[in-house]
Amino acid sequence: MLMESLEQLLADSLSDEQILTSDIKEKAKVIAKEWKPKLDHLDIEASSGNSLESHAFLQLLATFDISSEFDQDEICRLIPAVTRRRQTVDLCRSLGLSHKMPGLINVLLDSGREIEAINLAYAFKLTEQFAPVPLLKSYLKEAKKVSQVKAGSMSPGAQNEINERELSALKAVIKCIEEHKLEEQYSVNPLQKRILQLEKAKADKRRAAEAAKPQSKRPRATGSVYTPRITSMPDKSFYRALPERFAYPYDRQYVYAAEAHHPTLMGSAPYTISPPHTTYYGNGYQVQYQTAYLH
C-alpha cells in the first residue's frame, strides 16, 4: 500500500528526479536483486492468482522504475501469480508489459483460468482475439465434464468437493457476465437453475448424513448424576429399637392426698399457699412445702 501511494505521488509530480535520486534507486535495485531468486521457486498454481509476495516485488519494480534491470520474460512469469488482485492491470502497464498480454492470456487459458483471461482481455481490449462468451461456455463445460466423469468412482467426500468446484465455477461465470454486461449474449437463467439444483443436492446429503448418525443420550436437564434405584430394603427387624428413656408423664395414674391445714405458730400470720391441683410434680415427685419460720 505504501509503495502504491508513492507511485501515485511520483506520477502526479512534475519531476520525480528530486524524489527518486540515483542513490535511492540503487538501494531499490539491491533489494530487488536479493529478492528475485526467492521467487524463482514460487508455485504459481498454488498461489491461485493471489500471491502477496509476487505483488510486492512487482510493485517495488514499478514504484522505483527499475524493471529494466530484469528480463521482461522473467517478470511476465510472475504475472499469473497476481491476476486475481485488483492492481494487476495497472502493474502490467507500469512495467511495460502491455504487448505481452496475448501470450499471458494464452498461458492462463492453458491453465484453465478462463475468468482471469477474460478480465485481462477486456482490460487490454483484446476481446476480438479472445471472445469471452465461447471461453465462458468452454470453462463451464469442462467443469461439468469433470464432475460427471468422476462421479461414479469417487467417495462421497470427493464427490462433494467436485460439486463445490462446479458450484464455484457457475457463480464465477455469472459474476463475469454481469460485470462485462454479457446478459444478451449469454443468459444466466440456466446457470442459476443449476446452482439451485446443486445447493439442494448438497442440503439433502447433509440432512441424510445427520439422520444416519447415532443419537447419543442427552444428559438430564437438572445436570444431576443418575443413581440406581434401590428395590430391595433390609428387613425392619434388622434394626434394634431404642428403649424410651422417659415414659410419657400424663400416662401415669397419680394419687392425690388429702389437703393438710397447718396451724399458725406463736400467733403470727401464717404464710398461706394455695394448694395446687395435685401434690405431685409432673415428673412424679411429691410436692414438699417449706415449714413456716419466725421473724
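Close lysine pairs were tallied over region 1-127: pairs 8 or more places apart or on different chains with Cα atoms under 27 Å apart number 12.
Tell me, what is the FRET efficiency for Lys144 and Glu34 to the nearest 0.05, using R0 = 35 angstrom and their Cβ-Cβ distance as r? The computed FRET efficiency comes out at 0.15. Computed from phi, the 3J(HN,Hα) profile of region 97-112 under the Karplus parametrisation 6.51, -1.76, 1.60 (θ = phi - 60°) reads 10, 4, 6, 8, 5, x, x, 5, 5, 5, 4, 5, 5, 5, 8, x Hz, with x in place of Gly and Pro. Counted by neighbouring Cβ atoms within 10 Å, the residues Leu39, Leu58, Leu78 run from fewest to most as Leu39, Leu78, Leu58.
For region 1-127, divide the Cα radius of gyration by the Kirkwood radius and give the resulting Rg/Rh value with two decimals.
On the way: Rg = 14.8 Å, Rh = 15.2 Å.
Reported Rg/Rh, Kirkwood definition of Rh: 0.97.
Counting only Cβ charges, +1 for Lys and Arg and -1 for Asp and Glu, the dipole size of region 1-127 around its Cα centre is about 260 debye. If you plug each phi of region 79-91 into the Karplus form 6.51 cos²θ - 1.76 cosθ + 1.60 with θ = phi - 60°, what whole-Hz ³J(HN,Hα) values come out, in order, with x for Gly and Pro? Ordered by residue, 3J(HN,Hα) equals 5, x, 7, 10, 5, 8, 8, 5, 8, 4, 4, 5, 4 Hz.
Please report Thr127, Thr83, Thr21 as a ranked list, fewest other C-beta atoms within 10 angstrom at the top and most at the bottom.
Values: Thr127 14, Thr83 25, Thr21 11.
Ranking Thr127, Thr83, Thr21 by Cβ neighbours within 10 Å, fewest first, gives Thr21, Thr127, Thr83.
By the count of neighbouring beta-carbon atoms within 10 Å, fewest first, Val107, Val173 end up ordered Val107, Val173.
On average, how much area does the Cα convex hull of region 131-210 cover when viewed from any direction, in nm²? Orientation-averaged projected area of the Cα hull: 5.4 nm². The slack in the chain from Arg93 to Lys213, taken as 0.36 nm per residue of separation less the alpha-carbon distance, amounts to 37.6 nm. On the beta carbon distance between Glu179 and Ile24, with R0 = 41 Å, the FRET formula returns roughly 0.60. A simple rule links phi to the HN-Hα coupling: the Karplus curve 6.51 cos²θ - 1.76 cosθ + 1.60 with θ = phi - 60°, which for region 68-74 gives 5, 6, 10, 5, 5, 5, 5 Hz, with x for Gly and Pro.
Values quoted throughout were computed directly from the atomic coordinates according to the rules given, and no laboratory measurement underlies them. This structure is a prediction, so every number in the text was calculated from the model and none was measured. Neighbour counts run over all protein chains shown; Cβ positions are idealised from the backbone, glycine included.
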